[in-house]
1. Would you kindly derive the ³J(HN,Hα) couplings of region 87-92 from the backbone phi angles with the Karplus curve 6.51 cos²θ - 1.76 cosθ + 1.60 (θ = phi - 60°), listing them in order in whole Hz, with x for Gly and Pro?
2. Please list, in chain and number order, the residues 5+ apart from Ala51 or on another chain whose amide H is under 5 Å from its amide H, with Hs placed from the backbone.
3. Report ³J(HN,Hα) in whole Hz for each residue of region 62-70, in order, from the Karplus equation J = 6.51 cos²θ - 1.76 cosθ + 1.60 where θ = phi - 60°; Gly and Pro get x.
4. Which of the peptides 237-244, 296-303 is most tightly packed, and how do the rest follow, going by the mean number of other Cβ atoms within 10 Å of each residue?
5. Just tell me which lysines come within less than 25 Å, Cα to Cα, of Lys249; anything on the same chain fewer than 8 places away is out.
6. Along each of its three principal axes, how wide is the spread of alpha-carbon positions in region 1-137, in whole angstrom units, largest first?
7. Out of the trypsin sites (Lys or Arg not before Pro) in region 61-158, which ones are loop residues according to DSSP with at most 13 other C-beta atoms within 10 Å?
8. Please report, in debye to the nearest 20, how large the charge dipole of the chain is about its Cα centre when each Lys and Arg carries +1 at its beta carbon and each Asp and Glu carries -1 there.
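What follows is calculated from the coordinates using simple rules that are stated; it is not laboratory data. Computed from a predicted structure; not experimentally measured. Every residue, glycine among them, receives a Cβ derived from its backbone with ideal geometry; neighbour counts consider all protein chains shown.
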Amino acid sequence: MTHQDLADLLVIDTHVDIPWPEGPDFLSDGPRCVDLPKVRRGGVGAVCFAAYVPQGRRDAAGHGAAKGRALAMLDAIAAMGNAPGAVLATTADAIAAAHRDDCFAVVPVVENGAALGGDLATLDDFAARGVRYMTMTHNGHNDLADAAIPRAEFGDAAVLHGGLSELGRAAVARMNELGILVDVSHAAKSTMMQAARLSRTPVIATHSCARALCDHPRNLDDEQLDMLAATGGLIQITMVSAFLKRGAKPPEIGVEAIADHVDYVVRRIGVEHVGIGTDFDGGGGVAGYMNAAETPALTAELVRRGYDRAALEKIWGGNFLRLLRQAEQVRQQGAAGPVSVAGAAPAAAR
């Protein structure tokens, strides 16, 4: 299989950061890992750009700052979708249509549930802006859930809620109603497992790796991978070097390390449950794949390992589109009934 055979492959990167507060310079071929010239050279068809909110103090001032930053960043991401050759794509069909039209799809997402400012109504603001997933936590516990990595400076103990808080459970239910996927990257294992059971739409880890290959608290262990498989969920392998190989720096490992994690997940739970979320411009990158223009290097390594066209279509975007469509279907069906904040019903068996 040659590069030409894969020229029309829809490549979706499910997690990329934008610079802030200066905002993204999307049209220039500059220092960013991901901009319009680089995605064009690398054959990337769509990217989920994150309105990332670092974890701050859990008080009124911190809540207000987090929400304000998230909404401003989403406005900046929407402006990227108005650039020549790009489009703001907020449905699975819109992403597919953009690819057919040779147009780059900008997909808005939110990283860290602290962005809600402690108010579930903010989820409706996010949905109105086309947000397709929200990462429940970042580094540090928030009002919704426990994180994989606590932050002592914000008063975090090892456990704050024991997983999801009551507000977190309500947030999962409302996200389901709005068609916003639940992202469990950065979440504590207890948070991830509870969210997977609770959510009516399969959950996604948009930028994580396999803990069996790299024992890091940000990675998912075998029990978590098995939960993803049982509930139809998805892990998108990321390129933060320390998540790929313990203590590794970007120049010390290459695309082989990424493919090793893809291989592990495929063997453990199947090719239907894995994809790629680079975390470019947020710390992602390995030797030979430091920006979006170098995306073919990873595809070539996967081809070398025997992945055929059908498998590559799933890994590079098909699996993510499937989850988006499931979320859209749940949204269209409407709420199944009132959900108790204190103990919502578990997800139906899939």
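1. Going residue by residue, I get 8, 6, 10, 10, 9, 4 Hz, with x marking Gly and Pro.
2. Placed amide hydrogens put Val109, Val110, Glu111 under 5 Å from Ala51.
3. For region 62-70, the Karplus curve yields x, 4, x, 5, 5, 5, x, 5, 4 Hz.
4. Numbers: 237-244: 25.1, 296-303: 20.0.
The densest-packed peptide leads the list: 237-244, 296-303.
5. By straight Cα distance, Lys249 reaches Lys38.
6. Cα spread of region 1-137 along its principal axes, largest to smallest: 54, 31, 27 Å.
7. Values: sites: Lys67, Arg69, Arg100, Arg129, Arg132, Arg151; in loops: Arg129, Arg132, Arg151.
Taking region 61-158 and a limit of 13 other Cβ atoms within 10 Å, no loop trypsin sites (Lys or Arg not before Pro) are found.
8. Details: 32 positive and 41 negative charges, 105 e Å.
The calculation lands at about 500 debye.
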